[in-house]
Structure formats: structure tokens, C-alpha cells
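First the structure, in the form of C-alpha cells, and then the observations on it.
The values are calculated or read from the model by the stated rules, or taken from the named source; none is laboratory data. Here the structure is a predicted model, which means the values were calculated and not measured. Neighbour counts are summed over all protein chains in view; Cβ atoms, including those assigned to glycine, are modelled from backbone coordinates with ideal geometry. Accessible surface areas use protein heavy atoms only, side chains included; no ligands, DNA or RNA. Shrake-Rupley method; radii C 1.70, N 1.55, O 1.52, S 1.80 Å.
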Amino acid sequence: LPCAQGAHPHHLSLFSPLAVTSEQIEHLHRRFKQLSRDQLTIRKENFDSIPDLEFNPIRGKIVHAFFDKRNLRQESDGLADEINFEDFLTIMSYFRPIEMNMDEEQLDHFRKKKLKFLFHMYDSDHDGKITLQEYRNVVEELLSGNPHLEKESARSIADGAMMEAASICVGQMGPDQVYEGITFEDFLKMWQGIDIETKMHVRFLNMETIAHCY
Amino acid sequence: GIIERHETPMEKEIARLHRADFEFSDIFYFCRKGFEAIVEDEVTQRFSSEELVSWNLLTRTNVNFHYISLRLTVVWGIGVIVRYCFLLPLRFILAAIGITAMIVGTTMVGQLPNSSMKNYLSEVVHLTCSRILVRALSGTIHYHNKENKPQKGGICVANHTSPIDAIILTNDGCYAMVGQVHGGLMGVIQRATVKACPHVWFERSEMKDRHLVTKRLREHVADKSKLPILIFPEGTCINNTSVMMFKKGSFEIGGTIYPVAIKYDPQFGDAFWNSSKYNIVSYLLRIMTSWAIVCNVWYLPPMVRKEGEDAVQFANRVKSAIARQGGLTELPWDGGLKRAKVKDTFKEEQQKNYSKMLVRNGSIG
């Protein structure tokens, strides 16, 4: 008789210590196979087949995040050409919701991981700093497609936000001081006190697809 | 669906995050939306069969098939024997009888000169053969609101799930079919039936010319003595949990529209034809080895285009009525997305909406 395929006990460990069922991994695996058209790896082009994603203004950055080696393995850098299911799960794990039974240390680690993911999205040249230009790029992308918006307006929005970031991170700057860019530590400072965990997660519904017959 | 989606509208989400004008946090919302789309998107979902809550002993409908218990396996095994060795041959014979009777019957009626007798006989032949074919699928159909049945000179539109939709409807009435000329057995049936009854079959080259198609259909509808046309405006098979975009072509012809909602009960057999996964023969084999095809058909009150309403709005109005009646969700998406990508113009339109919203909350004067 055919039996469930694809659930690796190893994959569950990527999500530990949270309760992610093997069923949810099954679902993700099926989704992976759908996107990869039954191949073992996914390339950037495979994300083109998702209609819902087309409308997202930061689509490019999201897809890029899947191939960003900084998100896949902690110490490496650069871009991967293709990712396998394990990599796919690794990226999805950045979006797992928090569970009630997490302690302080786990929560903190969790939060840092999510913020690091976000930081990498902004820091497109991988130099560990979000510069004014990089932030401008993000704003322009978010506002892309609006013909009424001039480039200047997008720039001024970006500049305003960067100034605010600078004031949080560095405090008062002298007239000759140049703000190089937001480092990860500064980034963390900006988010202190703001609850990002509930904004940055995707929660699975409880699924029971088989009737039990005893 | 498999993930919990937050239904907060975009504006509210962004307003909540705002302290000052534009923030680093705006990226969260789109980031999450993007991930949700990657895990599960509304559109691709509709092109795979509906998942059942409890198993109906057909392994094809249970994607997560595990071995559970010996007793269940034995029951399933008996089910397989009944379906393949008993039901399938019976149904096959019935279907063969039905198709042969259709071809022979309509050819014979086609020999008669045009008269009311011919029309009457043609109806008898079509109805009888249709009923045989429905029995061949072990179809149990409940028709509701028969007083709204489509009249002559009108256009009947329905949601599309499978090629047998047409048989389901012709079981209860006579329609003029619209479609492309095929080869093979289908072509033989088409050529035979058009002799008895004015179905509208188009050559492949003619289908490309929209004006020609509309013109021919208009001529047919204008003749009030002709049978109502049957059209499926979605253009492709959807999995019967939702209704997708109705192509406006059918609604530009004019005349009275008679909407019909068809909802299959997936408990006894999955009627959805996933044409990218199965060809027509394996699809028919699956249908004939299911337990039964059970469905509900609702005839909705006729609709006409209102003053100042364009074809697209009219199409959406009809679509909503059908979705409401059948208990299906409504999606604005085009069924053609099964095979093609989203059109750039549509995409740009949506992006404009996003940025308009962001700018309104931003510092632009």
C-alpha cells in the first residue's frame, strides 16, 4: 500500500522545540514539489508561477531572500543558484509563530533571528550595513508602479526615515558627522519594545485529513 | 486552505504600524503576504481537487494516504473489487449504448425535413441518450427551481467543473451546444447531432475570431424558435470550490441570460477534471470507478444587462449570483491562469493601488 513520503525526522528538528507536525511538513513538501515541478531543487524562475506573489511590490526581495546564503547558513555569504527542500524549510522557519511555552532566552533568540532575516532584506550589498541608498531602494520598490509619484518624493520619504533611525541609534549628530549606515546592533535597537513576533509569522491551521476507523 | 490568513485590509494594517510617516516596518506586511502566497496561493489551490474531511474509501481523494488498520484496508479492498469488476463494466456498456444511440438516433432524425416533428423527435433522442449516459455514470442529480429553466432564444451560463457538466444539464432539458470541432469519437458525435438540432460548432480557426463567434451566436439567439445556448464562461475546469472570472464574450451577445449553478458532492466521487494531470480517457476511467456522481443543479431567475452596465460588470453580477447559490467562493481571477502567467496590465494596476495607499499615509502633499 502506498505510504506517506517525504517527511524526514531531520526536518522536524529545524523547527524544534516548537510543535510543528509532520503533516505540516508534508504540506510544505507538496508545495515544494508543486513549485519545483517535481524536481529536487527550486530556482528563482519557479517563483514566477505564483499569481498571488506577482502583486507584491517587494516580490524581488522576498524571492531573493530564499537564495541569500546568509539566511540559509549562518556563516556563508553570496547567492545560491538553487535551493533544495531543506533550504526551503530553513527559510520558512523564519516565519514560524511563537509558542506559549517558550522561555526568555528562546524568545530573544527567536526575535533576533527574525530581525536578522529582515536586516538581510534591506542590506542588499551584504556589507552588514543598511545605507541610505539601500533604504531608498526599498522605498522605491514599495512605491513602484505609481506613475504619479516622482522619484524625488520617494527619496524624501527615505531620507526622513533614515534621519529618524539615525536619531535613535546615534543620538544627536554634529553638523559634520555623516551617518554611515545602520548596523545590525542599531537595527535591534530600533525595534526594542516593538512586538514584531506577531507581525512576522505564518500560522498553520490544524489539519485532520483522514478519518480514523477503529 | 492550510494557513490562517489575516483578513485585515491593507490600509488598516499599514495605519496601525505607523508612528511617523514612512517606516521600516511597512515591509512586514508585504513580507508576510509574500510568504503566505509562497506557502499557499488562492489560485493554484483551485486547480487541485478538493480535500475531503473524512475519507470516502477512494485513495485518489486522500493525498495523505497512510496505512491505518487492517479492517480499513479490507473494506477498501472490497470497495476496489466492487468498483472495478462490477460497476465499471456495467457503466461502460451503458455508456457505449448511450453514445451509439445518440449517433444513430440523431443521424436518423437528421434525415427528416425541417418541421416541428423533427424538433420534437430530436428532443426525445437527445433527452433519452442523455439520461442513459447519466445512468452510466451513476449520476444522481437534484434539480432546484425548475420554473426558472432556460427558455428558447436565451443563453444558459453555468460554472464549469468537468466535461460531464453538459450531460448533467441536458438530462433535464435541450440545449444548443457551443464548442470547437474535435476529431475522433467526439467529432463523430458532433457531426451527427448537428444534423438533428442546430448546435453551434466552430472550426478551430473560427474560434480565434471573436467577432465571428459573437456574430454567429447573436444570430442564433435572435431566432426565438431555436434552443437556448449553453455556455461555460470560465473557459476551463475549476475544482468546484470557487467560481473564477467569467469571460465577458458570452455577455456581449445580448438576450436573456439564464444562470445555472452546479455543485457536486465530493463525498461520492470527485468530478473535477484536472486537465494538466489527467487526459480525458483516464479522467473518464476515474469517473466510472467512483461510487457515484451526486450533484445539485439550481436554476436561477433570468438576468438581463441593465442600462449603463458594461459586459464585464454584467458578467460579475451573474457570477456572484451563481457563486452565492452554489455556496462557492468568488474569485476575480482568470481561469486561464491554470496555464498562463498573470497579465502585466493587471499586475501594474494592483501595484498602483498599493503605492496609492502607502503615499496617502505618507508625507506627500
Unique residue being assigned to a helix (DSSP H, G or I), at pLDDT below 85 and within 14 Å of chain A (Cβ to nearest Cβ) when the list is B:347, B:341
B:347
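May I ask you to list the residues in the range B:217-235 that are exposed (fewer than 15 other Cβ atoms within 10 Å of the Cβ) and of a type outside the set (Asp, Glu)?
B:218, B:222, B:224, B:225
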Go through the range A:42-87 and give me each residue that's among the hydroxyl-bearing types (Ser, Thr, Tyr) and either assigned by the TED database to the domain that holds residue A:124 or within 29 Å of residue A:109 (Cα to Cα) (or both).
A:76
Within the bounds of the range B:39-46, is there any residue that is over 26 Å from residue B:283 (Cβ atoms), at pLDDT below 85 and assigned to a helix (DSSP H, G or I)?
yes
Positions within the range B:108-143 being hydroxyl-bearing (Ser, Thr, Tyr) and open to solvent by 60 Å² or more (accessible area, probe 1.4 Å), in sequence order:
B:116, B:120, B:128, B:140
Select from the range A:1-26 the residues that are at pLDDT 80 or above and not hydrophobic (A, V, I, L, M, F, W, C) and list them in ascending order.
A:26
Would you be able to tell me the number of residues in the range B:264-321 that are in contact with a strand residue (DSSP E or B) (Cβ under 8 Å, 6 or more places away or on another chain), at pLDDT below 85 and polar (S, T, N, Q)?
1
From the list B:258, B:264, B:278, pick out the single residue that is over 25 Å from residue B:95 (Cα atoms) and not in a helix (DSSP H, G or I).
B:258
Every listed condition ((1) aliphatic (A, V, I, L, M); (2) at pLDDT 70 or above; (3) surrounded by fewer than 16 Cβ atoms within 10 Å (Cβ to Cβ)) holds for residue A:178 save (2)
Which of the following residues is away from chain B (no Cβ under 13 Å) and of a type outside the set (Asp, Glu): A:49, A:36, A:22, A:76?
A:76
Just one of the numbered conditions (1) more than 22 Å from the chain's Cα centre (by Cα); (2) in contact (Cβ under 8 Å) with a residue 12 or more places away in the chain is not true of residue B:169; which one?
(1)
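Condition check ((1) in a helix (DSSP H, G or I); (2) open to solvent by less than 50 Å² (accessible area, probe 1.4 Å); (3) modelled with pLDDT of 80 or more) across all residues:
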residue: A:56; (1), (2), (3): no, yes, no
residue: A:74; (1), (2), (3): no, no, no
residue: A:83; (1), (2), (3): no, yes, yes
residue: A:88; (1), (2), (3): yes, yes, yes
residue: A:93; (1), (2), (3): yes, yes, yes
residue: A:99; (1), (2), (3): no, no, no
residue: A:111; (1), (2), (3): yes, yes, yes
residue: A:115; (1), (2), (3): yes, yes, yes
residue: A:118; (1), (2), (3): yes, yes, yes
Residue count for the range A:120-141, restricted to those that are charged (D, E, K, R), part of a loop (DSSP other than H, G, I, E, B) and open to solvent by 10 Å² or more (accessible area, probe 1.4 Å)
2
Looking at the range B:284-317, which of its residues are farther than 19 Å from residue B:142 by Cβ, open to solvent by 40 Å² or more (accessible area, probe 1.4 Å) and part of a loop (DSSP other than H, G, I, E, B)?
B:302, B:304, B:305, B:306, B:307, B:308, B:310
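I'm checking my understanding of the structure. Among residues of the range B:137-169 that are small (Gly, Ala, Ser) and part of a loop (DSSP other than H, G, I, E, B), which one is farthest from residue B:255 (Cα to Cα)?
B:138
Can you confirm whether residue B:217 is in contact (Cβ under 8 Å) with a residue 24 or more places away in the chain, touching a Cys at 6+ places or on another chain (Cβ under 9 Å) and within 21 Å of residue B:165 (Cβ to Cβ)?
Working: in contact (Cβ under 8 Å) with a residue 24 or more places away in the chain: yes; touching a Cys at 6+ places or on another chain (Cβ under 9 Å): no; within 21 Å of residue B:165 (Cβ to Cβ): yes.
No: the conditions fail for residue B:217.
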When you check residue B:247 against the structure, is it open to solvent by 10 Å² or more (accessible area, probe 1.4 Å) and touching a Gly at 6+ places or on another chain (Cβ under 6 Å), yes or no?
yes
Answer yes or no as to whether residue B:185 is surrounded by 15 or more Cβ atoms within 10 Å (Cβ to Cβ) and of a type in the set (A, V, I, L, M).
no
